[in-house]
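Input: a single structure, listed below in structure tokens.
Quick note: the coordinates plus some simple rules give every number you see, no bench work behind them. Everything numeric here is computed off the predicted structure, so don't read it as measured data. So basically every Cβ, Gly included, is an ideal-geometry build from the backbone, and we count neighbours across all protein chains shown.
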Amino acid sequence: METIHKPLKRRSRYNSSEARVAYICLIPAFLGLFFLTYAPLLGVLGISLTNWTGLKSPQFIGFDNYVQLFTTDPYIKDSIIATIYFAFLSVIGSMVYSFFIAMLLNRKIPARGLLRAIFYVPFVLPAAAIYVGWSWLYEANFGFFNFLLSQVGLNKVLFIADSSYVVPSLSLISVWLSGNLIVIFLAGLQNVPGVYHEAAEMDGAGAWKRFIHITLPSMSPIIFYNLLMSLIANLQVVTPALALTNGGPGNSSRFLTYLMYDQAFVNYKLGYACATTFVIFAILAAFTAVLFKTSSRWIYNEGGDDK
Amino acid sequence: MSAAAYGRLRSRKRNERMMNMATFVVVIFCAALVLFPIWWIFRTSLMTNAEIYRYPPSLTPDNWLFSNYEKTLQVFKFWKYLWNTMIIIVPACLAGTFTAALCGYAFARLRFRGKNLIWALCVGSMLLPAMVTLIPLYIGWTRYLGIHDSYLPLILPYFCGGGAFNIFLIRQFMMSIPRELDQAATIDGAGYFRILFSIIMPAIKPAMIVVALFIFIGLWNDLLQQMIYINSSDKYTIALGLTNFRGQLKSDWSLTMAATCLSFAPGVLFYLIGQRYFVEGITLTGMKG
């Protein structure tokens, strides 16, 4: 595509007025990349090596913050566990749920547009309101879920007030919110060429075989994209802790980003909080790297035509 | 076609229709499940407290107590919060969309030295989690610029292209606009900006609306940054106001749910208006990302 549209060769590779226009257009991007992205990234590293509290001028203390974080910090271990546990449940749950719904919506059913729109509704509601609203459904004595449990003869569960249920309960909300994944999956499914399915059907392949050998491989780039985006989003989880649980009960929902918030903006340990930030960054980078590394093995790329 | 083959085809067709009907029923059921929490919140907002605590709970309120909303509005300053939220969102959406279009144009259409490097930095920053830059940015705004208790730290970043993701989205969309259009305009003597404003921008309107919607949702949901930068209660946004309101009225569930429903309303309204673009835009991110 690119080569066809290239205008005739000019004497110089770059036309100076064209380049000038480009740089003018890119001023916002330059500002953003420098001041909002890469400079702050270096800033995190720098500040994490100091004991800055926001009151006194910062002193360089080497890796003390990191040492303290991994040896004496009372929260970090619970925090990492809570974050990964939450992200694991939410990512798996949202992926399975949204793929399933997208498969259903991909069939020729009436009112498809309207139904698709319904699954997307939770995504456009303000997060804070969602958590407040769900806290009522999860309420201990009169909440809807406990009514359901009592109907099937099970004991009351405290959901967000019980340290062993709080993370799964919050994950369920996060799955409920994943309507955007459905829309992307659905668009992908509609791009799977029908001829493959027809050919396989002629050869006598059943629905399950066709799903495994045709649908999944041709959807793999989109599965990868959704997996990546929902992993990055869920590992940064913070809003439920801010709006609802305050990290509790105990430390069971003290997600890493909430821990960082607490250190920096409640206890004013800015240097220390930056060390935590870097830990979150490292965890995210590790997960992303693993995903990218393994992707070549399971992503089927037809004719290498991507982007 | 032999009679047997024809029969097979017909039974397959019938089978498929049956399957589609079964699917339809399952989808309706799932959709009802998705909407149920919202309904439950709404029905609670219209009940008396006695009704809420009744066992078994009923699906609909006995009397639709819209007076709960009047009561809520006396404590929960919804209109004030909505106004405050809009003061942040409207300039951010406009500026973010406009600057993203400028940057996207440079990447999609123009040739200049260092393009690949700058593009790589842009794409790279997309993978950088937003919370990593939170503390340095906070220090920058409050210490170096002395900006406290203000909306500026929430708005001004959107004057810088509205984030790499939005630039990326616009660029991808622009690439799909045929270049012959700009070439024809060039021949007619239009300059680069003229082409951008009068040819490309109208053509990428769906993508621009999508970017505006993404910025809207992003700001709408960003409780963390609002908590950090806004202190005084008369500057509260909807998200902050609601979180705070819940703390005050811990046990009055019907009023809390009324406040929750009020907070839902603008998002739902916005979605109903822009539904088509939402779907189109999300599809765009998945297909072209």
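Please find, in a Gaussian network model of chain B (springs between Cα atoms separated by less than 10 Å), the residue of B:Asn221, B:Asn244, B:Asn20 whose mean-square fluctuation is greatest. Maximum among the listed residues: B:Asn20. The fewest-to-most ranking of B:Trp39, B:Trp253, A:Trp52 by surrounding Cβ atoms within 10 Å reads B:Trp39, B:Trp253, A:Trp52.
Model label points for A:Ser150 and A:Ile92, set 7 angstrom from Cα along the Cα-to-Cβ axis, are 3.2 nm apart. Legend: helices of chain A (whole DSSP H runs) are marked when their alpha-carbon atoms reach 24 angstrom or more along the helix axis and their mean Kyte-Doolittle hydropathy is at least -1.0; marked are A:76-105, A:216-235, A:270-298. Label zone (B:Arg8, point 7 Å along Cα-to-C-beta; backbone nitrogen cut-off 15 Å) within the range A:177-220: A:198-206. Altogether, the Stokes-Einstein calculation at 10 °C and 1.306 mPa s, with the Kirkwood radius of the range A:75-304 over Cα pairs as Rh, returns a diffusion coefficient of 80 µm²/s.
When the alpha carbon gyration tensor of the range B:69-288 is reduced to an equivalent ellipsoid, the three semi-axes, largest first, read 38, 21, 14 Å.
In the structure shown, the pairs A:Lys209/B:Lys13; A:Lys209/A:Lys293; B:Lys205/B:Lys235 are assessed against 22 Å; a Cα-Cα span above that value is assigned to A:Lys209/A:Lys293; B:Lys205/B:Lys235. Amide hydrogen proximity for A:Thr50: with H placed 1.01 Å from N in the peptide plane, the residues at 5 or more positions away or on another chain lying under 5 Å are A:Ile61. As a proxy for reagent exposure, B:Tyr105, A:Tyr14 were ordered by neighbouring Cβ count within 10 angstrom, fewest first; the result is A:Tyr14, B:Tyr105.
Could you tell me the center-to-center distance, by alpha carbons, between the range A:220-236 and the range A:48-66 in angstrom? About 35 Å separates the Cα centre of the range A:220-236 from the one of the range A:48-66. Projected label points at A:Phe211 and A:Leu42, each 7 Å from Cα along the beta carbon direction, are separated by 5.2 nanometres. Using Cα centres only, tell me the gap between the range B:119-187 and the range A:67-140 in whole Å. Cα centroid to Cα centroid, the span is 26 Å.
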